[in-house]
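The values are calculated or read from the model by the stated rules, or taken from the named source; none is laboratory data. Just so we're clear, the structure is a prediction, and the values are computed from it rather than from any experiment. Heads up, the Cβs are rebuilt from the backbone with ideal geometry, glycines too, and the neighbour counts pull from every protein chain shown. The area values use the complete protein model at the heavy-atom level, side chains included, leaving out ligands, DNA and RNA. Shrake-Rupley method; radii C 1.70, N 1.55, O 1.52, S 1.80 Å.
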Amino acid sequence: MVASPAHLAHDGLIEVMGGRPVPCFEKPERITAIERALAEESSYRLLPSTVHGMQPITAVHDSDLVELLEHVWTDAVMSGATDGASPLIPDTFLVGPLAAGGYRGAGTARPARLGAYCLDTATPIVAGTYGAARAAVDVALTAADLVLGGEQLAYALCRPPGHHAARAMYGGYCFFNNAAIVAEDLVRRGAGRVAILDIDYHHGNGTQQIFWERSDVLYVSLHADPARAFPYFSGHADEAGAGAGEGFNHNIPLGVRTGIEDYAAALERACAIVNEVDPDAPLIVSLGFDTFERDPIADLALSTEDYARVGSIIASLSRPTVLIQEGGYAIDAIGANALSFLSGFGG
Ligand code: SP5
Ligand code: ZN
């Protein structure tokens, strides 16, 4: 398991949900709870991340987005756009006619320009956000290094999560797409076929977008049907990729309160798709525990014990695997859920 303490400084305090400010669901305690649970089992080693620099990030994300995230907080403090205690959440979004022709607000001052890059009102930016997002990428790439170095399994305790972040968009609690960055990095290190299996409750719209026209990176996702669940505008079963990427994007939407029997059947289907592509690089798993029966923002019905079965199904692929932490908001259970998954995986 790989982690970095830098995530602790990303604490957005509030998100706007259903028109109301509510305490952030995506809190530092999510990761500290997993660390604590795994530390109690002597079989898991906790390793620090190593610095991998900027190149793997700009290989996936627009440099405009990266630069905006890097500088927006200090700009906002200097211009008085924040009192230093309130997080940045855009109030004006670039959509519809204004966005025509690829207009991205060149010349618009930060932080107003965030509205050209932001998906939702639930992804606040504070002083420590950029550092945390950079560190989460390093955590993910360090876990990939361990697997390339011969480990069968490595678990990247990424925070903030990543799978909603697209090439030029942040949101859904995500800033840089940790899983996509690992996938792209594997390709650049010589892999011909990489697979990302996404079992977060939500559809990974960012990962789907980044590899939409690519045949060298398979994206397979199990998630709540976007007809009722965030991110609403992507994740339908008929989204299959385009151009060379057609057939390399698979969405498996799930109904309300899906339990382990139906979930396991869907996961077996997803695993069969991975085997068909037969990746020549470590399997990347976007791992969310927001499929849990008591998750506060979700509506599937997996129990703590069920995660052992989920882990064992993925382990039966017998592939070296990099686990990338995505969502999961039931903080009192997330540690036990992670332990259950790992015990089922046999790692
Ligand atoms: C990484 C990840 O899991 N991101 C999730 C972002 C979800 N954003 C808020 C979704 C709005 C949910 N409305 C739920 C109503 C709950 N009663
Ligand atoms: Zn999620």
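How far, in degrees from 0 to 90, does helix 178-188 lean away from the longest principal axis of the Cα atoms of the chain, to the nearest 10?
Value to nearest ten degrees: 70.
Would you calculate, for the chain, the mean residue ellipticity at 222 nm contributed by helices, counting each DSSP H stretch of 4 or more residues as -39,500 (n - 2.57) and dividing by all residues, to the nearest 500?
-10000 deg cm²/dmol
Each label point is 7 Å from the Cα along the Cα-to-Cβ direction; what then is the distance between the points at R167 and V16, in nm?
A separation of 2.8 nm, rounded to one decimal place.
Taking K and R as +1 and D and E as -1, what net charge do the other residues with C-beta under 12 Å from the C-beta of I324 add up to?
The answer is -2.
Could you give the distance between the Cα centres of segment 274-347 and segment 99-168, to the whole Å?
Value for the Cα centre distance between the two parts: 21 Å.
I'm a student and want to see the number: the projected area of the Cα convex hull of the chain, averaged over all directions, in nm².
The Cα convex hull of the chain, projected and averaged over all directions, gives 16.2 nm².
Give the ranking of E40, E26 by solvent-accessible surface, highest area first, calculated with a 1.4 Å probe.
Heavy-atom accessible area, descending, gives E40, E26.
For segment 61-150, state what percent of all Cα-Cα pairs lands in each successive 5 Å bin, counting from 0 Å until the bin that includes the largest distance.
2, 13, 20, 22, 16, 11, 8, 5, 3, 1, 0
Can you list, bin by bin at 5 Å, the percent of alpha carbon pairs in segment 73-205, starting at 0?
Percent of pairs per bin, in order: 2, 10, 16, 20, 17, 14, 11, 7, 4, 1, 0.
Quick one: accessible surface of T123, probe radius 1.4 Å, all protein chains present, in square angstrom to the nearest 10.
Here the residue's solvent-accessible area equals roughly 0 Å².
Obtain the nm distance between the two label points defined at D64 and R257 by a simple spin-label model: each point lies 7 Å from its Cα along the Cα-to-C-beta direction.
4.6
Compute from the Cα atoms of segment 1-49 the Rg and the Dmax, the latter being the longest Cα-Cα distance, and quote both in angstrom.
My reading of the Cα-based Rg and Dmax gives 14.1, 45 Å.
Rounding to the nearest 10 and keeping the result within 0 to 90°, find how far the Cα-based axis of helix 129-148 lies from the longest principal axis of the chain.
The helix 129-148 is inclined about 30 degrees to the chain.
Looking only at segment 288-323, which residues have a backbone nitrogen under 12 Å from a spot 7 Å from the Cα of S343 in the C-beta direction?
Answer for this model: 304-309.
Contact order normalised by length for the chain, with contacts defined as Cα pairs under 8 Å and 6 or more residues apart; what percent is it?
18 percent.
Taking the Cβ-Cβ separation of V77 and Q55 as r and a Förster radius of 30 Å, what is the calculated FRET efficiency to the nearest 0.05?
The computed FRET efficiency comes out at 0.55.
Using a probe of 1.4 angstrom, how much of the accessible area of the chain is carbon and sulfur, in percent?
On the chain, the fraction of accessible area on carbon and sulfur atoms equals 54 percent.
Write down, largest first, the equivalent ellipsoid semi-axes of segment 245-341 in whole Å, where each equals the square root of 5 times an eigenvalue of the alpha-carbon gyration tensor.
Listed largest to smallest, the semi-axes of segment 245-341 are 23, 15, 12 Å.
Using the alpha-carbon atoms, what tilt in degrees (0 to 90, nearest 10) does helix 306-315 show relative to the longest principal axis of the chain?
80
Could you give the length gained by full extension between D280 and A9, i.e. 0.36 nm per residue of separation minus their alpha carbon distance, to one decimal place?
Additional length available on full extension: 93.9 nm.
Test of understanding: what is the full-extension gain from R228 to A109, defined as 0.36 nm times their sequence separation minus their Cα-Cα distance?
Net length gain for the segment: 39.3 nm.
Using a 1.4 angstrom probe on the protein heavy atoms only, could you order S340, S79 from most to least accessible area?
These residues rank, largest area first, as S79, S340.
Any idea of C174's accessible area? Nearest 10 Å², probe 1.4 Å.
About 0 Å², ignoring ligands and nucleic acids.
Just to confirm, what accessible area per residue do you get for the chain at 1.4 Å probe, in whole Å²?
In whole numbers, the chain has 38 Å² accessible per residue.
So if a site counts as exposed when it's one of the trypsin sites (Lys or Arg not before Pro), its DSSP state isn't H, G, I, E or B, and it has at most 14 other Cβ atoms within 10 Å, what's the longest stretch of the chain without one?
Of all site-free stretches, the longest is 46-166.
In a Debye calculation with equal point scatterers on the alpha-carbon sites of segment 206-292 and no solvent, what is log10 I(q)/I(0) at q = 0.17 Å⁻¹?
For segment 206-292 at q = 0.17 Å⁻¹, log10 I(q)/I(0) is -0.73.
Sorting F292, F233, F345, F25 by accessible area (1.4 Å probe), largest first, what list results?
These residues rank, largest area first, as F233, F25, F345, F292.
What translational diffusion coefficient, to the nearest whole µm²/s, does segment 1-88 have by Stokes-Einstein, given a Kirkwood radius computed over alpha-carbon pairs, a temperature of 37 °C and 0.692 mPa s viscosity?
203
So which chymotrypsin sites (Phe, Trp or Tyr not before Pro) in segment 85-140 end up in coil per DSSP with only 15 or fewer other C-beta atoms within 10 Å?
Hits after loop and neighbour filter: Y103.
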